[in-house]
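The values are calculated or read from the model by the stated rules, or taken from the named source; none is laboratory data. From a predicted model like this one, the values you see are computed outputs, not experimental measurements. No Cβ is skipped: glycine too gets one built from the backbone with ideal geometry, and neighbour counts run over all protein chains shown. Surface areas here come from the heavy atoms of the whole protein model, side chains and all, with no ligands, DNA or RNA. Shrake-Rupley method; radii C 1.70, N 1.55, O 1.52, S 1.80 Å.
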Amino acid sequence: MASLAGRLLGLASLASAFVSRDGTGRLPAMGWNSWNEYECNISEGVFITVARQLVDLGLKDLGYEYVNIDDCWSDKELRRDATTGELIPDAEKFPRGIVKVAEEVHSLGLKLGIYSDAGTDTCGGYAGSLGYEELDAATFSKWGIDSEGQDLKYDNCNVPPEWADEYEYIPEEPANNAPPGYDWGTSNTAKRYRVMHDALQRQNRTIQYSLCVWGHAHVERWGNSTGHSWRMWGDIFPAWKGKEKWSWGLMPIVNQASLLWNYTDFGSHNDWDMLEVGNGDLTIEENRSHFALWCALKSALIVGTPLDTLALRKPILDILSNKELIDFNQDPVYGASAMPYKWGNDRPANTSDRDHPAAFWVGTSVKGIHVFLLNTRDTAVNMRAVFAEIPPLKSGGKGYLVHDMWTGEDLGIFRKYFELEVKAHDTAALTITKADGKHPNPRWSPK
Ligand code: GAL
């Protein structure tokens, strides 16, 4: 049970979070982004097709609303208009400009997202916004045309030396040389992101602001006053384990989330990166774990798989369409991420293990208490949710009704524990209510 002090602290962090007046950014963003599958191979057609598919596949009705253009959309050679200084869209990829894409996206009731960088150049080497924040915020705003919200993903490549941080903090890198107590909110990284925040605030439309800062400069400590969400990590790739220089499979990311889940609340979200569901050679179970955990962590749900063939890939579409998991992610009353209540795999709590992150998670929603059981092992195992171990529950009494969020079925009433077989790399997702279906502990929250 969260203490009163804990709940007051939660309220304090809510007060400083960056929730826009119209509610933009209060809940994790949902939508689609081009990078994970298309990288620079983008064109107007990709986004217009995606927008139509979001509607046709029923994803829009489930809340997927942003159609986000990532890197490589502007003209790499011309960069900016010689007179106005405005960014120039690539005429081959976007022959009718971004404005027309925005119009088409908006006509379907969806929102457009764009990408830029808090450096001189984007990661792909296109013009960045550093020093042009006011102009670029106004340009993006102008391109939105009507009153629909937009999204800006703001990357962190090509920072000139004069903007280098005094100290360095990069997740999992040894160089964290700041003195104890150093306020990372005063770092140059925070300042670069704040300049764009201020410029966006001056526009007469709401822009969802996603800091793509890879966990650098301890963004989790200042992100909530600067943006609606902040990337906590380098780039995701569609694999279960492993790390390349700047890319991580799913388990290393969940490992980091096991330790840092508690920075998330309404209007302020750790971003564990865009979804790879349906990409690479992830198994169905791995795709299920990916989706269930990103929902549980209240990370943005930004799909990164092509949608034009999704109707044919029914198991993937079913995962992305799981309404019960989406409802947890988008809960209107409880803003906190689920938290690990037990590490599992014979590990002490709060220890780091890239292959075997925390396996037993609990969160709350308007429907009840939710338990997520992650099997990090390469074989099926029986996993047991022991009620006495789960903070908001207790053992005995009339027992609890256990419901399977994947199948939508009630599994029965249990007094001490619920046990089931979880396949290799799969995640069980359960809703637990009192035997009469009521919420077992509406005052409890992980934070
Ligand atoms: C990376 C970012 C990716 C993608 C890419 C584009 O920095 O983390 O998500 O946006 O840049 O170049």
Considering only strands (runs of 3 or more DSSP E) fully contained in segment 320-374, which possess at least 1 residues that are open to solvent by 10 Å² or more (accessible area, probe 1.4 Å)? 339-342, 360-364
Out of all the residues in segment 347-361, is one or more out of contact with any Gly (no Cβ under 7 Å at 6 or more places or on another chain), at pLDDT 95 or above and closer than 18 Å to PRO440 by Cβ? yes
Might you let me know whether segment 139-150 holds any residue that is in contact with a Gly (Cβ under 9 Å, 6 or more places away or on another chain) and within 16 Å of the ligand (Cβ to nearest atom)? no
Can you work out which of the residues in segment 17-57 that are open to solvent by 60 Å² or more (accessible area, probe 1.4 Å) and at pLDDT below 90 is nearest to the ligand (Cβ to nearest atom)? GLU37
Return the pair list, or none, for Cβ contacts closer than 6 Å from residues in segment 219-248 that are without any contact (Cβ under 8 Å) to a residue 12 or more places away in the chain to residues that are away from the ligand (no atom under 14 Å from the Cβ) and part of a loop (DSSP other than H, G, I, E, B), at least 6 apart or on different chains. GLY242/GLY249
Which of the residues belonging to segment 58-74 are more than 16 Å from the ligand (Cβ to nearest atom) and either acidic (Asp, Glu) or surrounded by fewer than 22 Cβ atoms within 10 Å (Cβ to Cβ) (or both)? GLY58, LYS60, ASP61, LEU62, GLY63, GLU65
May I ask you to list the residues in segment 122-168 that are assigned to a strand (DSSP E or B) and more than 25 Å from the chain's Cα centre (by Cα)? ALA127
Of residues in segment 205-236 being in a helix (DSSP H, G or I) and open to solvent by less than 10 Å² (accessible area, probe 1.4 Å), the one farthest from ALA164 (Cα to Cα): GLY223
Condition check for MET274: in contact (Cβ under 8 Å) with a residue 60 or more places away in the chain, within 13 Å of the ligand (Cβ to nearest atom) and over 23 Å from TRP343 (Cα atoms): yes
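Would you point out which residue out of GLY85, GLY109 is on the phi > 0 side of the Ramachandran plot, open to solvent by 30 Å² or more (accessible area, probe 1.4 Å) and assigned to a loop (DSSP other than H, G, I, E, B)?
Working: GLY85 fails: open to solvent by 30 Å² or more (accessible area, probe 1.4 Å).
The conditions single out GLY109.
Can you find a residue that is modelled with pLDDT of 95 or more and of a type in the set (Gly, Ala, Ser) anywhere in segment 285-292?
Restricting attention to segment 285-292, the residues satisfying the condition of being modelled with pLDDT of 95 or more are 285-292.
Narrowing further to those that are of a type in the set (Gly, Ala, Ser): 289, 292.
Looking through segment 285-292, at least one residue is modelled with pLDDT of 95 or more and of a type in the set (Gly, Ala, Ser).
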Of all residues making up segment 156-172, the number that are open to solvent by 40 Å² or more (accessible area, probe 1.4 Å) and within 16 Å of the ligand (Cβ to nearest atom): 3
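Looking only at residues in segment 380-395 that are part of a loop (DSSP other than H, G, I, E, B) and open to solvent by 20 Å² or more (accessible area, probe 1.4 Å), which one is farthest from SER445 (Cα to Cα)?
The selected residue is ALA380.
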Among the numbered criteria (1) hydrophobic (A, V, I, L, M, F, W, C); (2) more than 24 Å from SER43 (Cβ to Cβ); (3) more than 16 Å from the ligand (Cβ to nearest atom); (4) surrounded by 14 or more Cβ atoms within 10 Å (Cβ to Cβ), which single criterion is violated by ALA175? (4)
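Restricting attention to strands (runs of 3 or more DSSP E) lying wholly within segment 407-447, give those where 2 or more residues are open to solvent by 40 Å² or more (accessible area, probe 1.4 Å) and closer than 23 Å to LYS323 by Cβ.
Values: elements: 410-414, 417-422, 427-434.
Where strands (runs of 3 or more DSSP E) fall fully within segment 407-447 and carry at least 2 residues being open to solvent by 40 Å² or more (accessible area, probe 1.4 Å) and closer than 23 Å to LYS323 by Cβ, they are 410-414.
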Could you grab me the full set of residues in segment 239-254 that are buried (at least 22 other Cβ atoms within 10 Å of the Cβ) and away from the ligand (no atom under 13 Å from the Cβ)? GLY249, LEU250, MET251, PRO252, VAL254
